[in-house]
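Down below is the structure, laid out as structure tokens.
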Amino acid sequence: MGPPGAGKGTQAQILGALWKIPHISTGEILRACVVAKTALGLKAQAYMDRGELVPDQLLMDIVQERLNEPDANAGWILDGFPRTVTQATFLDKLLHELSGAEGSTSNPKCGLKAVNLDVPDDILVSRLLSRGRQDDNEETIRRRLQVYREQTEPLIDFYSGRQQLVAVDGDRAMELVTAELQQSLSIDS
Ligand code: AP5
């Protein structure tokens with residue numbers, strides 16, 4: 001988790017490669033659907049262009065399908081999901097089902113960790129403006145930040161109350177953020 005530009009995608013990609021587990025970005029899946037002009041992409045594009053969240057049910061279907069693929073059996077990093085309490089509650093239910101699925105090597109004892117990358121707003125805006133993705137214009141960035149505060153930030157309390165939250169200062173050099181995440185999320189321990 002973390003606001004737009006916090007470094008979710010950057011860190012998830014690095015850690016996924018290090019740990020040899022898939023990096024699953026719901027934003028990337030949606031952007032690929034938009035480019036391919038699939039029915040899902042056509043539905044999602046207007047929301048994404050406005051900086052709004054795409055409806056929960058579409059995202060829950062995407063994640064359910066993706067986590068059922070064989071390469072997700074031994075672990076994964078979800079980037080940008082969950083983003084609402086509805087999505088987080090759904091993820092709990094899905095993980096429960098998956099851990100009991102026949103042939104699954106998922107270990108329910110490993111449990112779920114939710115990472116929040118914290119970065120001040122002015123840094124976020126300047127990072128995104130210099131990246132220049134289609135939804136990286138000032139108006140959409142402001143809306144994405146507002147939507148994050150209203151709909152996603154409540155998940156910090158949701159996961160913290162369950163001792164599942166790892167909070168990390170994302171306003172540092174990328175390698176320092178990676179090192180802290182490796183330490184806090186070590187899958188060897
Ligand atoms: P998504 O693709 O998830 O976008 P986002 O949350 O706005 O996040 P960003 O990709 O902008 O930022 P990031 O935190 O990944 O940072 P990054 O590593 O790229 O979602 C896009 C849209 O899809 C949403 O608005 C919504 O419409 C829809 N959507 C997706 N998931 C959804 C869901 N679950 N429910 C409903 N709708 C959903 O880094 C940003 C820049 O900063 C890069 O240029 C990077 O090089 C740089 N950078 C990173 N780390 C550092 C650092 N430590 N120091 C300096 N620069 C850094």
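The values are calculated or read from the model by the stated rules, or taken from the named source; none is laboratory data. This is a predicted model, so every value here is computed, not measured. Virtual Cβ from ideal backbone geometry, glycine too; neighbours counted across all protein chains shown.
Overview of results
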read-out	value
Selected residue [within 19 Å of Q146 (Cα to Cα), out of contact with any Ser or Thr (no Cβ under 9 Å at 6 or more places or on another chain) and part of a helix (DSSP H, G or I)] from D92, D49, D122	D122
Contacts under 6 angstrom Cβ, first residue in segment 135-151 being part of a helix (DSSP H, G or I), partner more than 8 Å from the ligand (Cβ to nearest atom), 6 or more apart	I141/V125
Test: residue in segment 61-75 that is in a loop (DSSP other than H, G, I, E, B), at pLDDT 95 or above, of a type in the set (K, R) and more than 7 Å from the ligand (Cβ to nearest atom)	no
Residue count for segment 152-178, restricted to those that are within 12 Å of the ligand (Cβ to nearest atom) and touching a residue at least 40 places away in the same chain (Cβ under 8 Å)	9
Test: residue in segment 111-131 that is more than 10 Å from the ligand (Cβ to nearest atom), surrounded by fewer than 16 Cβ atoms within 10 Å (Cβ to Cβ), of a type outside the set (G, A, S) and at pLDDT below 95	yes
Hey, L181 more than 15 Å from the ligand (Cβ to nearest atom) and touching a strand residue (DSSP E or B) at 6+ places or on another chain (Cβ under 8 Å) or not	no
Selected residue (only one of G9, G41 is in contact with a Leu (Cβ under 8 Å, 6 or more places away or on another chain) and either within 12 Å of the ligand (Cβ to nearest atom) or at positive phi (or both))	G41
